[in-house]
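For reference, the structure is listed below as structure tokens.
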Amino acid sequence: MGKLFVVGIGPGNYENMTIQADRVLSGCDMIVGYHVYVDLVKDIYPDKEYLSTPMTRETERCRKALAAAAGENKQVAMVCSGDSGIYGMAALIYELSGAYEGVEIEVIPGLTAASSGSALLGAPLTHDFAVISLSDRLTSWEKIETRLDAAARADLSIVIYNPVSRSRPDHLKKACDILLRNLPDDRLCGVARSIGREGQQYEILTLRQLREAQVDMFCTVFIGNAMTKRQGERLITPRGYRDV
């Protein structure tokens, strides 16, 4: 039987990929993934067999990867952006694996956007924080709203994944309105765009400004807590070490 690795490739550039991920991708026979993520690694590993599917075809993608490992006795790598277990394919692979006897599965962690985007902005996540996706394709908006409200009331720093898409262009604005019920409109926020890829940039703004900001699906959004402050061109959230 073959083996299936579920590999987090980080934000997209080779420099932010882990050594373990590089070793797995160098040694595997086939690389499977969403076509955007596959394109990020094709030039680095040109001798591999590739298989990709479009967005919303996650189950099909996972079944094909499992089938290749089971029936063709291959070393297969399913690539995910960021970390494979944070909004990635690791859980779905495990859920489907019962139909593919004997396939060994190993999850390879990667650098998620909360970490890489935080480093780009400065250090906004030094204290407790929550990560919330605004995609309501698999989670109801009512549940997303409850989570946003709870995180704001708990004064957690918040990282927002999937802030907008073509089908939900107003989701970030709606999220800001929910947060503004409990947070001041001058609460410091940050946007990290195209982390580790061409066009990488960031900006620091207030929650009021964030509500009107132009963001896209390549952005990760950060909302600070009550201690978050701007230091020069960076956003930092002290944990309080100097006071100990």
Legend entry - Set Tyr14, Tyr50, Tyr45, Tyr100: member being aromatic (Phe, Trp, Tyr) and within 25 Å of Val159 (Cβ to Cβ): Tyr14
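In segment 183-194, is there at least one residue being in a helix (DSSP H, G or I) and within 21 Å of the chain's Cα centre (by Cα)? So that I can check it myself, show each step before the final result.
We begin by selecting, within segment 183-194, every residue in a helix (DSSP H, G or I); these are none.
No, the conditions are met nowhere in segment 183-194.
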Inset, instruction - Report yes if Tyr37 is among the aromatic types (Phe, Trp, Tyr) and at pLDDT 95 or above, otherwise no. - result: no
Inset, instruction - Please specify each residue of segment 196-214 satisfying the condition of being assigned to a loop (DSSP other than H, G, I, E, B), closer than 11 Å to Cys176 by Cβ and not acidic (Asp, Glu). - result: Ala213
Inset, instruction - Working carefully through the options Ala113, Ala69, find the one that is of a type in the set (A, V, I, L, M, F, W, C) and either over 20 Å from the mean Cα position of the chain (by Cα) or farther than 30 Å from Pro184 by Cβ (or both). - result: Ala69
Legend entry - Residue identified as hydroxyl-bearing (Ser, Thr, Tyr) and within 17 Å of the chain's Cα centre (by Cα) among Ser140, Ser157: Ser157
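Is it the case that Leu180 is open to solvent by less than 40 Å² (accessible area, probe 1.4 Å) and among the hydrophobic types (A, V, I, L, M, F, W, C)?
Taking the combined requirement at face value, the residue does not satisfy it.
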Inset, instruction - Please name all residue pairs, on different chains or six or more residues apart, with Cβ atoms under 9 Å, provided the first residue is in segment 43-63 and is over 21 Å from Leu96 (Cβ atoms) and the second residue is assigned to a loop (DSSP other than H, G, I, E, B). - result: Ile44/Met17; Tyr45/Cys28; Lys48/Cys28; Lys48/Asp29; Lys48/Lys42
Legend entry - Hits in segment 17-60 (condition: surrounded by 15 or more Cβ atoms within 10 Å (Cβ to Cβ), more than 27 Å from Arg166 (Cβ to Cβ) and polar (S, T, N, Q)): Thr18, Gln20
Inset, instruction - Find the residue count for segment 113-151, including only residues that are more than 21 Å from Arg166 (Cβ to Cβ), open to solvent by less than 20 Å² (accessible area, probe 1.4 Å) and in contact (Cβ under 8 Å) with a residue 40 or more places away in the chain. - result: 6
Inset, instruction - Of the conditions (1) open to solvent by 40 Å² or more (accessible area, probe 1.4 Å); (2) closer than 24 Å to Val38 by Cβ; (3) part of a strand (DSSP E or B), Ile105 clears all except one; give me its number. - result: (1)
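Looking at Arg187, Arg193 in this structure, which one is open to solvent by less than 70 Å² (accessible area, probe 1.4 Å) and touching a Ser or Thr at 6+ places or on another chain (Cβ under 7 Å)?
Result: Arg187 is the single residue among Arg187, Arg193 that is open to solvent by less than 70 Å² (accessible area, probe 1.4 Å) and touching a Ser or Thr at 6+ places or on another chain (Cβ under 7 Å).
The values are calculated or read from the model by the stated rules, or taken from the named source; none is laboratory data. Worth saying up front: this structure is predicted, and the values here are computed from it rather than measured. Glycine gets a Cβ as well: all are built from the backbone with ideal geometry, and neighbour counts include every protein chain shown. Protein only, heavy atoms only, side chains kept; ligands, DNA and RNA dropped before computing areas. Shrake-Rupley method; radii C 1.70, N 1.55, O 1.52, S 1.80 Å.
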